[in-house]
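Take a look at the structure set out below.
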Amino acid sequence: MLLRRAGWPVTANIAARAASMTGAAARRRGAPSRTASTAKLTVTDLANDCTTDYDVPLGENLMEFALEADIELECACEGQLSCSTCHVVVLSDHFETLPEPEEEELDMLDLAMGLTERSRLGCQVVMTPELDGLHVRIPDPMDPDRES
Ligand code: FES
């Protein structure tokens, strides 16, 4: 189940967040690529064969941001640590700087398809200034072991 479903508390400032993305439209308008309250995130979505840069508000986790930015990251349990559908693979060196996963996250990761040594659950990755430049891959559910 994708995050885009009725009842999810979509914030009213989606347009503002979209404007803060590092997109061509923002650059054409001369908008700054990001502010001090955001961190850069790159998402490689293997199922859709695309890599996109975003500016993510600090304090927001990847699941929350995926909903707002229309990223196809499934999050069946809405961040309750009872699924592994928000599985992402951390491609950048930021993996080592992430807080250690809790036991519940490790238990759910054991169920993730395409699990790697750099796997995390997106709902547990909270953007901080230290994660500026974070690059994650969303595995292809049709071919979860594919790496590129
Ligand atoms: S959304 Fe279910 S564990 Fe992250």
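Throughout, read-outs are computed from the coordinates displayed, never taken from laboratory work. Everything numeric in this text was worked out from a predicted model, so none of it was measured. Here Cβ is always computed from backbone atoms with ideal geometry, including for glycine, and neighbour counts include all displayed protein chains.
The table below gives the values:
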read-out: Summed side-chain charge close to Ser148 - residues other than Ser148 whose Cβ falls under 13 Å, Lys, Arg +1, Asp, Glu -1; value: -4
read-out: Ascending count of other beta-carbon atoms within 10 Å, so fewest first, for Arg118, Arg146, Arg137; value: Arg146, Arg118, Arg137
read-out: For segment 45-84: rounded, prolate or oblate by the Cα gyration tensor [a/c cutoff 1.5]; value: oblate
read-out: Radius 11 Å from Cβ of Ala47, net charge of other residues (Lys, Arg +1; Asp, Glu -1); value: -4
read-out: Phi to ³J(HN,Hα) by Karplus 6.51 cos²θ - 1.76 cosθ + 1.60 over segment 133-148, Hz, x for Gly, Pro; value: x, 4, 10, 10, 10, 9, x, 7, x, 7, 8, x, 8, 5, 10, 8
read-out: For segment 102-115, 3J(HN,Hα) per residue [Karplus equation, 6.51 cos²θ - 1.76 cosθ + 1.60, θ = phi - 60°, Hz, x = Gly/Pro]; value: 6, 4, 5, 5, 4, 4, 6, 4, 4, 8, 6, 7, x, 4
read-out: Charge tally in the Cβ shell below 15 Å around Leu115, where Lys, Arg are +1 and Asp, Glu are -1, Leu115 excluded; value: -4
read-out: Cys75 long-range amide H proximity, modeled H, under 5 Å; value: Leu3
